[in-house]
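Quick notes on the structure that follows.
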Amino acid sequence: MSSVSSSTSVSRLSAAPARGVEVRPLSPALGAEIHGVDLTRPIDDATFAVIADAWREYLVILFRDQVLSEDDQVRFAQRFGALQGRPRPASMRAETAVKHPEIMLVSNIRENGKPIGSLPDGEMQFHSDMCYIEKPAKGTFLYAIEIPSIGGDTHFLNMYDAYDSLPADVKAKINDRKAVNVFQYGSTSREGNNPNFDEHPHYTHPMVRTHPDSGRKALFVNRLMTWSVEGMDEAESAALLDRLFDHIEQPKFIYEHKWRVGDLLLWDNRCTLHARTDFSDKERRLLRRCVIQGDKPY
Ligand code: OGA
Ligand code: MN
């Protein structure tokens, strides 16, 4: 990743900066760090406006050195919308020690051989959270509690740029198309050769969606969960999706986040993807996640 260029060091925000609050871009592709906000404290409207503007502009927002309880994290998330519940019933979830039922622990830690959370091990392919339901997640808030010394990085990808840079003929091919997204993966990559619709949640969404706040178009397909294009035969659909995935997953669209304990990241699932790099099963990794509800893509 190239170093910060002059175009990314200038903030292009419309809200008047709240005192002591600073927005610093993280990469040419997307992402910004916000300094000078303690998320355990009430956030005044001017500060919230800066955060909301930065989120719209940079798509992924980082707050470092935060010491957040579950309540603190939930309270902050609720400024952006209502929390999204977990699709799985409580009796089928690994998380037994969380206060809010909407909280997910993203962790490889096991107690008595059983994971204490979800998405435990290793690499994860690029995806958008909950794209297999009718109203996929709007934003995800992930807070780092324990982090391995190497790996387990999260990569974020700008799907506005991925769409804008497609050749015109490909845009024309996908603009009014839909594709089916299926929740059928282990921890890392999709399982099997064909989706099993009887057993796995799935939903058909536009391949290109319009972001309700920015009005911009973003690609809305991903390697982990998008299985096939509606109305195309299998070979044509697979060829088109492979071509799109290869186009999407280019370094120029990506910011690679190396976690530190105390990081809170907020990302927009409507115009970004994220993926996780591999890490050792000998090291512990624990993050706390909540998600806010989104709308039906159009
Ligand atoms: C998630 C997710 C990636 C990570 O919480 O939705 O994809 O780095 N996490 O653990
Ligand atoms: Mn995810």
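Worth a mention:
- In the range 132-149, the residues that are in contact (Cβ under 8 Å) with a residue 24 or more places away in the chain and in a loop (DSSP other than H, G, I, E, B) form Cβ pairs under 7 Å with partners that are among the small types (G, A, S) and within 11 Å of ligand 1 (Cβ to nearest atom), at six or more places apart or across chains, as follows: P136/S128.
- Residue under evaluation R223, criteria (1) within 15 Å of ligand 2 (Cβ to nearest atom); (2) under 21 Å from P28 (Cα atoms); (3) surrounded by fewer than 21 Cβ atoms within 10 Å (Cβ to Cβ), criterion not met: (2)
- Out of R289, R276, sole residue that is touching a strand residue (DSSP E or B) at 6+ places or on another chain (Cβ under 8 Å), within 20 Å of A52 (Cα to Cα) and within 15 Å of ligand 2 (Cβ to nearest atom): R289
- The set of residues in the range 63-85 being part of a loop (DSSP other than H, G, I, E, B), touching a strand residue (DSSP E or B) at 6+ places or on another chain (Cβ under 8 Å) and surrounded by fewer than 17 Cβ atoms within 10 Å (Cβ to Cβ) consists of R64, G81, A82.
- Those residues of the range 249-267 which are within 16 Å of ligand 1 (Cβ to nearest atom) and closer than 15 Å to H155 by Cβ, in sequence order: E249, I254, Y255, E256, H257, K258, W259, D263, L265, W267
- Per-region count, the range 138-160, residues surrounded by fewer than 21 Cβ atoms within 10 Å (Cβ to Cβ) and within 17 Å of the chain's Cα centre (by Cα): 3
- Qualifying residue in the range 240-248 (condition: within 16 Å of ligand 2 (Cβ to nearest atom) and modelled with pLDDT of 95 or more): yes
- Selection from the range 123-152 of residues that are within 9 Å of ligand 1 (Cβ to nearest atom) and β-branched (V, I, T): T140
- Exclusive hit being modelled with pLDDT under 95 and away from ligand 2 (no atom under 15 Å from the Cβ), set A82, A90: A90
- Taking the listed residues K217, K296, the one that is farther than 18 Å from D153 by Cβ, of a type in the set (K, R) and touching a helix residue (DSSP H, G or I) at 6+ places or on another chain (Cβ under 8 Å) is K217, with no other qualifying.
- In the set D38, D53, only one residue is in contact with a Leu (Cβ under 6 Å, 6 or more places away or on another chain), farther than 25 Å from L119 by Cα and either at pLDDT 95 or above or not charged (D, E, K, R) (or both); that residue is D53.
The values are calculated or read from the model by the stated rules, or taken from the named source; none is laboratory data. Quick caveat: nothing in here was measured; it's all calculated off a predicted structure. Heads up, the Cβs are rebuilt from the backbone with ideal geometry, glycines too, and the neighbour counts pull from every protein chain shown.
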